[in-house]
Amino acid sequence: MSEVEEVISEESRSEEDSDWEEWADDEDEVVVEEEVDLEDALSLARGAKLTSAQDQGNFWERPRGVKKIIIIYYSLFGNLGIMADEMKRGIQSQGDCEAFIYQVEEIYPREFLEKINATSSYTYSHPVLTRTEIRHFPEADGFVFGVSSRMGSVPAPMKAFFESTGGLWLKGALIGKAAGVFTSSPSQGAGSEATALSLITLFAHHGMMFVPLPAAGHSRDRHQIESMSPFGSNCITGIDGIKTPSTMERKIAMRQGRHFAQTVNRIV
C-alpha cells in the first residue's frame, strides 16, 4: 500500500470512528456493565412488576404532546424481557416519549416447557397483554415487537397475538403507526433476519411504517461478536437459552429505542 493510500485509509477510519462516537454518546451506558444472570434479572423484573402495573392505568392518560410507544415481546427463556427494558430506557431518554412493556401470553402447556427448562415465559415479568389493552392501541404512536426466532419465523404465541388484531385491521386503526423489531436467536445464523422480515409482512397488512436500525448502530469493537442487523437489535442466547444478552447487545437495544423514539417524534 502506498503512502497516499495509507493516509486515505487512516482518514476513512477516523471518520468512521467519529460518526460512531457521535451516535453512541454517554447515554448508551447501561445500568449493569457485565452480563447478568438470567434468574437474577427475572427476579428484579418481577420485583418491579407491581409498580409497572400501577403505572399501567395512567399510561393511556398522559398529556397531549407525550408520544406513547408500546413494547410487546414474547420470550421463551426471558432474555427478550431484558432487551425490552433496555429498549424502554432508550425510548424514554427522549423526554417527550414514554414507553410501556407488555408480554404476550404463553400458549404452550407448562408441562412441555418444564421439559425444556423454559418456564420463564410463565413468570410474566411484565404485564400480560389483554384484549382491554389492545383496544387502546389506536391511541399509541408506535410499537416495538420483540420476538425469538423459530426457524426463521415468528413463534406461535406472537402469531396468535397478531391474529387477534383483526378488529384493528378491519378499522384501519394502526395505519401510519411506527413499528420496529428486536429479536433473539440461538446463534448468528439462526434466522433472526428472516424472523424480522416475516414481521414486516404483518406490519404491511396493518399499514404500519417500519423503522429500521441505522448502520451507525453497529459497534466498532472488532473483538466481540455482533448479531444486530439493519432490521433491529438481536441477542444470541445459545440453543438452551441460558446465555443472557451481553453488554454490547443491551447497549444496541437501547440505541435502537432512542432512534425509534426520535423517528416517532419526526413523523407524529
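The values are calculated or read from the model by the stated rules, or taken from the named source; none is laboratory data. Quantities reported herein were computed from a predicted structural model and do not represent experimental measurements. Cβ atoms come from the backbone with ideal geometry, glycine included; neighbour counts cover every protein chain shown.
The set of residues in the range 159-168 that are crowded, with 16+ Cβ neighbours inside 10 Å and over 20 Å from Val147 (Cα atoms) contains only Leu168.
The set of residues from the range 96-152 being among the polar types (S, T, N, Q), touching a helix residue (DSSP H, G or I) at 6+ places or on another chain (Cβ under 7 Å) and part of a loop (DSSP other than H, G, I, E, B) comprises Thr123, Ser125, Ser149. For the range 172-196, taking the residues that are more than 22 Å from Ile101 (Cα to Cα) and at pLDDT below 95, the one that is surrounded by the fewest Cβ atoms within 10 Å (Cβ to Cβ) is identified as Gly189. Residue-level check: of (1) at pLDDT 90 or above; (2) under 20 Å from the mean Cα position of the chain (by Cα); (3) of a type outside the set (A, V, I, L, M); (4) more than 22 Å from Met87 (Cα to Cα), Gly152 misses just (1). Scanning the range 57-79 for residues that are modelled with pLDDT under 90 and either among the charged types (D, E, K, R) or within 26 Å of Pro155 (Cα to Cα) (or both) gives Glu61, Arg62, Arg64, Ser75, Leu76, Phe77, Gly78, Asn79.
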